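Inspection log for the structure reproduced underneath, given as structure tokens.
No value in this document is a laboratory result; all are computed from the given coordinates. Keep in mind the model is a prediction, meaning the values are calculated, not measured. Cβ coordinates were reconstructed from backbone atoms using ideal geometry, including for glycine residues, and neighbour counts include every protein chain displayed.
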Amino acid sequence: MSDARKYTVAEIDRMRRAISQRENLSMQGQSFYPNERHAKIEDMLRTYMANGTEPEELERAASQEAAEMQQFRLNAQNQKLPLR
């Protein structure tokens with residue numbers, strides 16, 4: 001009998017969204033054909049599922065990376081402002 005983690009459809013969709021969000025951040029400035037991007041996301045999804053990764057873990061990582069990117073952009077904008 002297999003000890004593999006069973007995922008619900010909703011969990012798989014949540015994981016796919018989190019991976020897509022992370023990839024959107026990391027792929028900025030790169031051009032991919034939609035099919036290549038989709039294949040990369042599905043490949044990553046299968047890897048995370050095979051490793052038993054929880055959807056919450058991917059969502060936390062995606063949120064943290066988005067917050068870090070936002071802070072990076074704010075810092076970059078602030079550096080362009082004249083000093084008072």
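What ³J(HN,Hα) values, in whole Hz, does the Karplus curve 6.51 cos²θ - 1.76 cosθ + 1.60 give for the range 45-57 when θ = phi - 60°, with x put for Gly and Pro?
Karplus-based 3J(HN,Hα) across the range 45-57 equals 4, 4, 5, 4, 5, 5, 8, x, 5, 7, x, 4, 5 Hz.
Counting Lys and Arg as +1 and Asp and Glu as -1, each charge on the Cβ, what is the dipole of the chain about the Cα centre in debye, to the nearest 20?
My answer is approximately 420 debye.
How much length would be gained if the chain were fully extended between residue 51 and residue 77, taking 0.36 nm per residue of separation minus their Cα-Cα distance, in nm to one decimal?
Full extension of this stretch gives 5.5 nm more.
Run the numbers for residue 10 and residue 43: contour at 0.36 nm per residue of separation, minus the present Cα-Cα distance, in nm.
10.1 nm
Calculated from the structure, percent of Cα pairs over 20 Å apart equals which of (i) 33; (ii) 47; (iii) 23?
(ii)
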